[in-house]
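Undergrad: I am attaching a structure below and will ask some questions about it afterwards.
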Amino acid sequence: MSKFTSKISYAEQHDFNDGREIDLLLSIFHLPPENLARLRNNPPAILAAIDQFATQKYLMNIGELKGKLITDLISQTKPTTMVELGGYVGYSTILFASHLRAVSTAPPRYFCLELNPVFGAMIMALVDLAGLTEVVTVAIGPSDVSLKRLHAEGVLAKIDMLFLDHYKPAYVRDLKLCESLGLVAAGSVLVADNVVKPGNPPYLEYVRASVEEKKVKKEALGVGLGDEAMGDPLLRYKSRMVESFEPTGIPDAIEITVCEGY
Ligand SMILES: C[S@@+](CC[C@H](N)C(=O)[O-])C[C@H]1O[C@@H](n2cnc3c(N)ncnc32)[C@H](O)[C@@H]1O
């Protein structure tokens, strides 16, 4: 394990959704006009303001170090369509969508799916401040409902990169849903956060399983479950863990998984 080298260290982890997220929004939009003007259309400056706030009051953002692993991956794989499950205050949305815009060869789309409507509204306000409204769509509601809706509306047909960072037990459920909707296919890259802290053994087991193992498991589950719950066990994945740190300095890792198709 390497060392925690982040320039900024978040406050120790405490609660969330106790008013701190609104405080963050007010701390930004109540800045003196000339300071707020410096943040407009300036994603790095907005991220720095969020990081600075989180040194005093913890925010559950991806942070600098894991964020850099993922922006490097965006540079390497150049996705056009990215979907994020769990947007919170919009830190990863602003970081990844601005990076996507910088490296994409085609007009990029970033879908941020967030359950909490207050957080969703905050993300929209900060995305607008960052000048990213042409790239980002924020979908408010449970991730599975939003995935089905966006697919049914025809705005989401394939996911080049899926970032899973929401309710840990829903990672496998939502990946299987994406498989059964045909959203994940050869070349899709999955990035799952928090696979060490707090950890997600069922997800790691699923993305690391062979097709044979998944077929056996599907047979064991038997009939009765719909396609969504079954996913597509014939899809092959190549998966690896990359160790890093939470922005508090606590060790964590992301799981990077590439879909190799059938
Ligand atoms: C760890 S935070 C996301 C952090 C964010 N990706 C970042 O790095 O800046 C998890 C978020 O997932 C949201 N969430 C939890 N369950 C969800 C669900 N079923 N669908 C969509 N969002 C969900 C929570 O409201 C919370 O905002």
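The values are calculated or read from the model by the stated rules, or taken from the named source; none is laboratory data. Because the structure is predicted, anything quoted here is derived from the model rather than measured. Here the Cβ is made from the backbone with ideal geometry for all residues, glycine too, and neighbour counts use every protein chain on show. Side chains included, ligands, DNA and RNA excluded: accessible areas come from the protein's heavy atoms. Shrake-Rupley method; radii C 1.70, N 1.55, O 1.52, S 1.80 Å.
Yes/no per residue for (1) within 20 Å of the chain's Cα centre (by Cα); (2) modelled with pLDDT under 95:
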site: Ser188; (1), (2): yes, no
site: Ala209; (1), (2): no, no
site: Ala220; (1), (2): no, yes
site: Asp227; (1), (2): no, yes
site: Glu260; (1), (2): no, no
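Undergrad: Within segment 1-24, how many residues are of a type outside the set (A, V, I, L, M), surrounded by 12 or more Cβ atoms within 10 Å (Cβ to Cβ) and under 22 Å from the mean Cα position of the chain (by Cα)?
TA: 9
Undergrad: So how many residues does segment 25-44 have that are assigned to a loop (DSSP other than H, G, I, E, B), loosely packed, with under 15 Cβ neighbours inside 10 Å and touching a residue at least 60 places away in the same chain (Cβ under 8 Å)?
TA: Going through segment 25-44, the residues assigned to a loop (DSSP other than H, G, I, E, B) turn out to be 30-32, 40-42.
In the following step, the residues that additionally are loosely packed, with under 15 Cβ neighbours inside 10 Å were identified as 30-32, 40-41.
Those left that are additionally touching a residue at least 60 places away in the same chain (Cβ under 8 Å): 40-41.
Here the count works out to 2.
Undergrad: Still on this structure, please answer the following. Which residue out of Lys168, Lys214, Lys176, Lys238 is within 15 Å of the chain's Cα centre (by Cα) and basic (Lys, Arg)? Even if it seems obvious, please write down each step before you answer.
TA: Working: Lys214 fails: within 15 Å of the chain's Cα centre (by Cα); Lys176 fails: within 15 Å of the chain's Cα centre (by Cα); Lys238 fails: within 15 Å of the chain's Cα centre (by Cα).
So the residue among Lys168, Lys214, Lys176, Lys238 that is within 15 Å of the chain's Cα centre (by Cα) and basic (Lys, Arg) is Lys168.
Undergrad: Take the conditions within 15 Å of the ligand (Cβ to nearest atom), open to solvent by 10 Å² or more (accessible area, probe 1.4 Å), more than 11 Å from the chain's Cα centre (by Cα) and hydroxyl-bearing (Ser, Thr, Tyr) and apply them to Ser98. Does it pass?
TA: When the stated conditions are applied, Ser98 passes them.
Undergrad: Moving to a separate point now. Please go through (1) more than 13 Å from Ala253 (Cα to Cα); (2) open to solvent by 10 Å² or more (accessible area, probe 1.4 Å); (3) more than 11 Å from the ligand (Cβ to nearest atom); (4) without any contact (Cβ under 8 Å) to a residue 60 or more places away in the chain for Leu177 and return the number of the only condition it doesn't satisfy.
TA: (2)
Undergrad: Just one of (1) touching a helix residue (DSSP H, G or I) at 6+ places or on another chain (Cβ under 7 Å); (2) open to solvent by less than 10 Å² (accessible area, probe 1.4 Å); (3) more than 19 Å from Val135 (Cβ to Cβ) trips up Gly63, so point out which.
TA: (1)
Undergrad: Another question, then. Name the residue, out of Val118, Val103, Val127, that is more than 18 Å from Leu150 (Cα to Cα) and touching a residue at least 60 places away in the same chain (Cβ under 8 Å).
TA: Values: Val103 fails: touching a residue at least 60 places away in the same chain (Cβ under 8 Å); Val127 fails: touching a residue at least 60 places away in the same chain (Cβ under 8 Å).
Just one listed residue meets the conditions, Val118.
Undergrad: Could you say which residue among Ile62, Ile8, Ile74 is at pLDDT below 95, within 15 Å of the ligand (Cβ to nearest atom), within 28 Å of Met161 (Cα to Cα) and not hydroxyl-bearing (Ser, Thr, Tyr)? Walk me through how you get there before you give the answer.
TA: Values: Ile62 fails: at pLDDT below 95; Ile74 fails: at pLDDT below 95.
Exactly one residue qualifies, and that residue is Ile8.
Undergrad: Please determine, by comparing only the residues of segment 1-24 that are part of a loop (DSSP other than H, G, I, E, B) and of a type in the set (A, V, I, L, M, F, W, C), which one is nearest to Ala49 (Cα to Cα).
TA: Looking at residues that are part of a loop (DSSP other than H, G, I, E, B) and of a type in the set (A, V, I, L, M, F, W, C), I get Ile8.
Undergrad: Using beta carbons and a limit of 7 Å, which pairs, at least six apart or on different chains, have the first residue in segment 187-211 and closer than 25 Å to Lys78 by Cβ and the second one in a loop (DSSP other than H, G, I, E, B) and among the polar types (S, T, N, Q)?
TA: Ala192/Asn200
Undergrad: List the number of the failed condition for Thr105; all other conditions in (1) closer than 24 Å to Ile256 by Cα; (2) modelled with pLDDT of 95 or more hold.
TA: Failing condition for Thr105: (2).
Undergrad: Let me ask something else. I'm told Asp72 meets every condition in (1) crowded, with 19+ Cβ neighbours inside 10 Å; (2) in a helix (DSSP H, G or I) except one. Can you identify the failing condition by its number?
TA: For Asp72, the exception is condition (1).
Undergrad: Please specify each residue of segment 45-59 satisfying the condition of being in a loop (DSSP other than H, G, I, E, B), without any contact (Cβ under 8 Å) to a residue 60 or more places away in the chain and within 16 Å of the ligand (Cβ to nearest atom). Give the derivation first.
TA: Residues of segment 45-59 that are in a loop (DSSP other than H, G, I, E, B), as a first pass: 55-59.
Cutting the leftovers down to without any contact (Cβ under 8 Å) to a residue 60 or more places away in the chain gives us 55-57, 59.
Hits for segment 45-59 are Thr55, Lys57, Leu59.
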